[in-house]
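The next block holds one structure in the form of structure tokens; read it before the comments.
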Amino acid sequence: MVITIIGILISLLLPAVQSARSAARRMQCANNLKQWGLAMQQYHEAVGTFPFGSISDGYTNISGPDRKTFVVGLWPYIEQGNVWNLYDQKKPFWDPVNEQARNARVPLYYCPEDRAGHWTANQWRHARGNYVANYGNADFLQSEPQYKAAPFGDFRAGQGTLTCAANFRDGLSNTVLMSEVVMAQNDDDYDVRGSILNNHVGCAFMTVNTPNSGIDYTICAAASSATYPGPCVNNSPQAGAKIAARSLHGSGVHAMLGDGSVRFVSDHVRLDVWQAYGTIHGSEVSREL
């Protein structure tokens with residue numbers, strides 16, 4: 001009888017324990033994104049603009065070579081000065097000289113609901129991560145007619161401008177800078193979602209769809225990509241590439257705003273509200289997220 005009672009009590013306690021652990025992981029994830037927000041603010045204070053989202057192949061107007069993402073610029077501001085010192089800014093991310101820096105497993109890359117993933121799908125191994133930049137209501141190259149300026153974008157062939165606080169006519173507190181994505185299921189999956197150090201679309205999310213919804217169009221050739229981390233159509237060219245914000249929290253995603261604050265955004269947020277928060281000067285009157 002005593003054993004039966006103990007078994008019943010344990011069965012009653014387990015859901016509460018699991019719920020508490022999930023809440024703790026969710027809080028840690030929000031705290032991680034808050035640290036990215038503080039890094040963005042410190043970068044802006046030091047440089048006068050927010051960092052580029054990514055720099056692609058071509059003749060950019062940014063000093064140093066192309067093919068890197070916002071993560072590199074923020075290393076000194078997330079207490080990763082040692083990684084920054086290992087990285088040769090005169091070489092692209094894939095160069096052998098940058099191998100040690102790009103493979104560093106920085107705790108702030110990872111939401112504890114996901115795994116500490118790595119990219120091993122080809123010879124250019126590097127860390128994956130869960131926190132990505134907002135490229136707005138468009139594809140990766142922001143070439144769609146409905147596009148309104150987002151906080152970040154891709155510098156290609158000299159195109160693109162860096163954003164500063166003065167550009168946010170909608171207000172910093174009304175604009176999402178970063179949110180979450182879920183990494184590919186396996187390290188050797190050729191699926192760029194969460195590939196935050198490569199200048200391809202893996203460093204970004206778009207507001208074309210609400211969180212955890214729709215079909216992603218990106219480089220996702222792995223067998224599991226059709227279902228995990230969300231439906232995906234393999235679309236190798238960067239034009240047309242789109243990735244929704246996604247998480248494993250079960251009901252929404254964390255979003256970090258231009259003022260550095262972090263909010264939890266429901267999967268059921270209205271699409272027009274989500275897209276309004278994805279622009280820096282769409283002049284929308286936004287409802288609360």
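The values are calculated or read from the model by the stated rules, or taken from the named source; none is laboratory data. Owing to the predicted nature of the structure, the values given are computational and were not obtained by experimental measurement. Cβ sites come from the backbone with ideal geometry, for glycine too, and all protein chains shown count toward neighbours. Note: accessible area is taken over every heavy atom of the protein model, side chains too, but ligands, DNA and RNA are not part of it. Shrake-Rupley method; radii C 1.70, N 1.55, O 1.52, S 1.80 Å.
The residue list Arg105, Arg128 contains one member that is open to solvent by 20 Å² or more (accessible area, probe 1.4 Å), closer than 24 Å to Asn186 by Cα and basic (Lys, Arg), which is Arg105. Checked against the criterion of being in contact with a strand residue (DSSP E or B) (Cβ under 8 Å, 6 or more places away or on another chain), among the polar types (S, T, N, Q) and part of a loop (DSSP other than H, G, I, E, B), the candidates Asn209, Asn186 yield just one match: Asn209.
Taking the stretch 189-206 as the region of interest, how many residues are in a loop (DSSP other than H, G, I, E, B) and closer than 22 Å to Ile55 by Cβ?
Residues meeting the conditions: 9.
Asp272 meets each of the listed conditions (1) out of contact with any strand residue (DSSP E or B) (no Cβ under 9 Å at 6 or more places or on another chain); (2) not in a helix (DSSP H, G or I) apart from (2).
Determine if the stretch 157-179 includes at least one residue that is surrounded by fewer than 24 Cβ atoms within 10 Å (Cβ to Cβ) and of a type in the set (D, E, K, R). The answer is yes; a qualifying residue exists. Going through (1) open to solvent by 30 Å² or more (accessible area, probe 1.4 Å); (2) over 25 Å from His254 (Cβ atoms) one by one, Glu113 falls short only on (2). Would you pick out the residues in the stretch 233-248 that are outside any strand (DSSP E or B) and modelled with pLDDT under 95? Asn235, Ser236, Pro237, Gln238, Ala239, Gly240, Ala241 - these are the residues of the stretch 233-248 that are outside any strand (DSSP E or B) and modelled with pLDDT under 95. Scanning the stretch 32-51 for residues that are closer than 21 Å to Tyr110 by Cα, hydrophobic (A, V, I, L, M, F, W, C) and open to solvent by 20 Å² or more (accessible area, probe 1.4 Å) returns a single hit, Leu38.
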